[in-house]
Structures are given as C-alpha cells and as structure tokens.
Amino acid sequence: MRLRMMMEQDVPGGLRLNTLSGWNQTAADWRRFLENSPRACFVMEHDGKVVGTAATLRYESRFAWIGMVLVDPEYRKQGIGTDLLKKAIDHLDSSGIATMKLDATPQGKPIYTRLGFVEEYEIERWILKREPGATSTAPASTHAALSEMEREQIFSADKEFFGADRSFLLRALCDEAPESATAVWEDGLPQSYAFGRRGLFADHLGPWMARNREAAEKILRGFLAQSSRETLIVDCMKSNCVSVELLGASGFVPSRPLTRMVRGPNAYPGKPDVLCAILGPEFG
C-alpha cells in the first residue's frame, strides 16, 4: 500500500471508485478538486491501482471541505479510509486551516466523530425516478443565460448563505450547464437562485436558495422541465419545510440522510435556514 498525492492520471481510478459506490460524480468533478487543491487530494495505491481516495477544497481562509472519501469494496475494513482521512486532516492542519467541514453518511459519522468532528445540521438526499419516456414533454426552459452582472450578484449572495466564496465552483457550473443556472429576481436582487450538474447517472439540483415559497417552486419547476434525465437528485436541508414539501409533491422520495459536520471553530456558518438544498456532499 502506498498513500500519495492524487494526480491527473488518477482521475479514472477515482471515477472507478465512485461508480462502484453508486455515486454521481464525473471526471470533471474530480478535476475540480485537482485544479483547486492540487497538493491536497490523496489516493491509496496497491499494485498500481487506486483503491482509496480523499479530496479537499479550500474556501478562502475560512474553512476547508473534505469529500470523496472512497475505498474499493474489495479493500474495505482495512483502515484505508481512515488513513486517507487522517492524511487530509493533517495536511489541512499543517496548512493553517483551523476549520474543516464535511457531509457524513451514517456509516462514516462515527469515524468523523472520533476525529473531532461535531454535528452542525441534517441534510437528506431526495431522488426522483421517472419512467423511460415519462420525462417532461414540455419545451425545455429557454431562459436567458445569466449575465456577468447577474452572476456576480448571485455569487455575492451565495457567499453570505454558504459562509465563504465558492464562485470558482459556481462559475464552472454556469459554464457547463447554463440551462440549470437560474434565478428569480425582485427589485434587481436575486430572491432565489439555483445551479445544476449533469452527473454520472442523474441530474443534480444544487445549490438551491429561496427567500419564499413562490420563488422556490419556480426554480424547482424549471429544473424539472429542462432536465430530460430519468433520475434527478436534490440534497435538501431537512429543516426547510418548504423545499421538503415541494419535493414530495413533485414525486421525489427521501433516499438517505447526511449530517453536516465541522471540526474546529465554526466562525462562518453561513445562513443554512435560507438554503433549500446544498451543492452536494462532495463540495458543501
């Protein structure tokens, strides 16, 4: 076994692991980590094969994100995931990052707790599975692409709600899936906004923010209309009654719980009460 930094040539290995685990990330998602944290992503290698991963992203100097902690099913229960996680934590500690966050599955939560992470709030993954040929027959949304000024307004609002600037990620989502980047405006300000991703097997809505029910519903309806995929995913804030109700009424069903956890001082918690859904457990 060899624990080392992840490199570009390891992307297919990482993609293999998330495919085996039924996760929705693409090669482009892996490259986001490498492009923004080239020395802070790690793999466990055995006989030239990637058998485990852990990736991190730094959001300004406020906090870092840990995600993509994956282990090949044939290599589990050997402590590989824990070793990779400790490596990521040690690297961030040595880089002077006082606060780390992640979204834990029920299986991973006890491990993170032992390493000093505490609960912040609950998230729930909701999934809509549509029958083949039963996707929306309405014309896809034809809203105009967000202008640069509109993007900047949304990025500024998102920094307040998320707790740190992640415009580098949101800008990439705008460029790759412009049809899913949308907002509801009032008096020149975004009352609601959302982004989307074309994942490995499903379209993913998030982040999704709304100040009121009407704006939240408009965003969700637009996402349902523009997506032609049979499977859709939303990682919903469990405490947000409006988004939970809207998802249930649209045919989504809860799939699995996630727990937002934090290690170190939580000086920049953002405003999770305004969020309908997160970007995703790998990015926050």
Checklist outcome for this item: Rounded to the nearest 10, the angle in degrees between the Cα long axis of helix 80-94 and the longest principal axis of the Cα atoms of the chain comes to 80
Checklist outcome for this item: Rounded to one decimal in nm, the spacing of the 7 Å Cα→Cβ label points at K49 and L3 is 2.1
Next on the checklist: Pairs of alpha-carbon atoms within less than 8 angstrom and 6+ residues apart define the contacts here; what relative contact order does the chain have, in percent?
Outcome noted: 23
Item to check | Contact order normalised by residue count of the stretch 1-70, Cα under 8 Å, 6+ apart, percent | outcome: 32
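Run the accessible area of the chain with a 1.4 Å probe and give the carbon-and-sulfur part as a rounded percent.
51
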Checklist entry - For the chain: lysine pairs with Cα atoms under 22 Å, gap of 8 or more or different chains, count? => result 22
Next on the checklist: Could you identify which residue out of K87, K77, K109 has the top mean-square fluctuation in a GNM of the chain using Cα springs shorter than 10 Å?
Outcome noted: K77
Checklist entry - What percent do you get for the relative contact order of the stretch 50-118 when only Cα pairs under 8 Å and 6+ apart count? => result 33
Next on the checklist: Probe of 1.4 angstrom, ligands and nucleic acids ignored: what's the accessible area per residue over the chain, in square angstrom?
Outcome noted: 44
Checklist entry - By the scheme Lys and Arg +1, Asp and Glu -1, what is the net charge of all other residues having a beta-carbon under 14 Å from that of G52? => result +2
Next on the checklist: Below 12 angstrom from the Cβ of N18, what's the summed charge of the other residues (Lys, Arg +1; Asp, Glu -1)?
Outcome noted: -2
Checklist entry - Using a simple charge model, +1 on the beta-carbon of Lys and Arg, -1 on the beta-carbon of Asp and Glu, nothing else, what dipole does the stretch 181-238 show about its Cα centre, in debye to the nearest 20? => result 140
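The values are calculated or read from the model by the stated rules, or taken from the named source; none is laboratory data. Predicted model only: the values in this text are computed from it and were never measured. Using ideal geometry, Cβ is built from the backbone for each residue, glycine included, and neighbour counts are taken over all protein chains shown. Heads up: the accessible areas ignore ligands, DNA and RNA and are worked out on the full protein's heavy atoms, side chains in. Shrake-Rupley method; radii C 1.70, N 1.55, O 1.52, S 1.80 Å.
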